[in-house]
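So the structure is just underneath, and the comments pick up after that.
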Amino acid sequence: MAFTSYHSILFCSLLLSISSYCIGQTSPLTKAFILPVKKDSSTLEYITQIGQRTPLVPIKLTIHLGGQTLWVDCENGCVSSTYQPALCGSAQCTIAKVNTCGNCSTSAPKIGCNNNACYNTPENPFIKTLYDGGEINEDVLSIQSMDGSNPGKFVKIPSFIFTCVPTFLTEGLASGVKGTVGLGRHQIALPSQLAQIFSFTRKFSVCLSSSTQSSGVLFFGDGMVLPKVDVSKDLIFTPLITNPFGTGSVPFLNEPSSEYYIGVKSIRVNGKTVTINKKLLGIDKRGDGGTKISTGTPYSILETSIYDAVTKAFIDELSNATRVAAVAPFATCFSSKSVGSTRVGPAVPTIDLVLQTTRVYWRIFGANSMVKVNQDVICLGFVNGGIKPTTSIVIGGYQLEDNLLHFDLARSTLGFSSSLLFHQTTCANFNFTSKA
């Protein structure tokens, strides 16, 4: 969804203190930014950190790939001299595409609770909860820039639009996390705001590390560099599909979903096509079905009939391995001693998500399909999503790890690498030590 020229004018009006960002053409502006992303061992969420407020405070946030906004708990200990609420009818409210207004229910206005303020509906996907009283605000945000292929200086953005929420919405988030950072297809999501403020193309890349001891990386703008190898040249591209209906925890039928969908046409196991109901692979008139990519679930989720067909085919192709008892949430498990190993993980059948043609597919190797649940057992890392789920296939975080994903929002395309282990690198190999 592109910004209109009217929105561009509004955005510039918000940035008078950094008006050169809006003038742009003759200024040596930053064109790329990075954020470290670390997997939390307890929740399996992917965590990053930004600087916010005045004076700057480090804020831990969980990545929400399809989220519409950056939202933060403003109820406890939020102090900032540069915080400003977005009042009804303001430019901020227009950019956020909200027209719901209200007054503070407490006796005195405070950060996150002001009179004549506009509200949106932030989501916590980990507890499947929406909050319809998220107050739109703006404040300072600090994020690290890229200097060519190296980390650069931290850049302050004086007027970044975000959402304030009460503490209860942080339930289910990792310890110390104060909110989520939305990367979805929405004007106030982080990728779109950075692109608009710094005049670069709306695109970003995600590289999640499989290790809880080292960080993966988010690239915004023109940065997409891993040490000693240019994986970007080997990306496979597929269109991003817009779901015309909102598909959050409580779907809204009056606006397109901000989440990322791709057009899976069939599934292959060990090169053999699995028989499934292909109607489930399309998005119907209610917005149900299809395939989305999500960091809101740790493992991929398949509609029951798809799950049954894929797991049966997988078991048939791995007939020499020893089956063992299920380990929740997984139903298909094997003795690790009966399965060999390769450079790309356990030696198990590949799973292909076939896209626009039979030659375009996202191949999932053992490193992303098998989960080591203990020293002796590995399980197929897919979960039964039940009958008639909102989305037929949800590609979860585990299947994204050590894969480079490039989201080009301007062109509405996704580039993906499949496992970086083939390139003898991982998402943890980026050096965040600044050379600026």
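The values are calculated or read from the model by the stated rules, or taken from the named source; none is laboratory data. Keep in mind it's a predicted model, so treat the numbers as computed, not measured. A quick note on method: Cβ atoms are made from the backbone with ideal geometry, for glycine too, and the neighbour counts reach across all protein chains shown. When the accessible area is computed, the model is the full protein with side chains, heavy atoms only, and any ligands, DNA or RNA have been set aside. Shrake-Rupley method; radii C 1.70, N 1.55, O 1.52, S 1.80 Å.
Structure notes:
- Of the residues CYS379, CYS101, the one with the largest accessible area comes first in the ranking CYS101, CYS379, computed with a 1.4 Å probe on protein heavy atoms.
- Partner lysines for LYS110 [C-alpha distance under 19 Å; skip if fewer than 8 residues away on the same chain]: LYS178
- Residues whose amide H lies under 5 Å from that of VAL377, counting only those 5 or more places away or on a different chain, are SER336; hydrogens are built 1.01 Å from N in the peptide plane.
- For the chain, size of Cβ-based charge dipole, Lys and Arg +1, Asp and Glu -1, in debye: 780 debye
- Straight Cα distances below 22 angstrom link LYS278 to the lysines LYS265, LYS292, LYS312, LYS388, with same-chain residues fewer than 8 positions distant left out.
- If only the Cβ of Lys and Arg carry +1 and only the Cβ of Asp and Glu carry -1, the dipole of the range 328-421 around its Cα centre is close to 140 debye.
- Cα lying deepest toward the dipole's positive end in the chain, options SER257, SER80, PRO109, charges on Cβ: SER257
- Solution diffusion estimate, µm²/s, Stokes-Einstein, the range 333-436, Kirkwood Rh from C-alpha pairs, 4 °C, viscosity 1.567 mPa s: 82 µm²/s
- Accessible surface, 1.4 Å probe, highest first, among residues ASP316, ASP284, ASP352: ASP316, ASP284, ASP352
- Annotation: ARG185 carries an accessible surface of approximately 30 Å², with a 1.4 Å probe and no ligand, DNA or RNA atoms counted.
- Using the empirical formula 2.2 N^0.38 Å as the baseline, the Cα radius of gyration of the range 75-190 reaches a ratio of 1.13.
- 222 nm mean residue ellipticity, helices alone, for the chain (DSSP H n ≥ 4; -39,500 (n - 2.57); rounded to 500): -3000 deg cm²/dmol
- Restricting the calculation to Cα atoms, every distinct pair contributes to the Kirkwood radius of the chain, found to be 22.5 Å.
- Accessible-area value, LYS278, 1.4 Å probe, nucleic acids and ligands omitted, Å²: 130 Å²
- The modelled label-to-label distance between ILE236 and LYS128, using points 7 Å beyond Cα along the C-beta direction, is 3.1 nm.
- Computed with the Debye formula from one identical point scatterer per Cα of the range 296-357, without solvent, the log10 of I(q)/I(0) at q = 0.21, 0.26 Å⁻¹ comes to -1.07, -1.38.
- Using alpha-carbon coordinates, inclination of helix 5-14 to the longest axis of the chain, degrees: 60 degrees
- Extreme residue, positive dipole direction of the chain, given options VAL383, GLY134, ALA309 (C-beta unit charges): ALA309
- Accessible-area order (highest first, 1.4 angstrom probe) of the listed residues TYR119, TYR260, TYR131: TYR131, TYR119, TYR260
- Full extension of the chain between LYS278 and LYS388 gives 38.2 nm of extra length, using 0.36 nm per residue less the Cα-Cα distance.
- Computed over protein heavy atoms with a 1.4 Å probe, the accessible surface of the range 110-164 works out to 35 Å² per residue.
- Backbone amide hydrogens, once placed in the peptide plane, bring GLY385 within less than 5 Å of LEU302, GLU303, THR304, excluding anything fewer than 5 places away on its chain.
- Subset of LYS233/LYS279; LYS97/LYS233; LYS60/LYS156 violating a 27 Å alpha-carbon distance limit: LYS233/LYS279; LYS97/LYS233
- Modelled spin labels at ASN99 and ASP147, positioned 7 Å past Cα toward Cβ, are 4.8 nm from each other.
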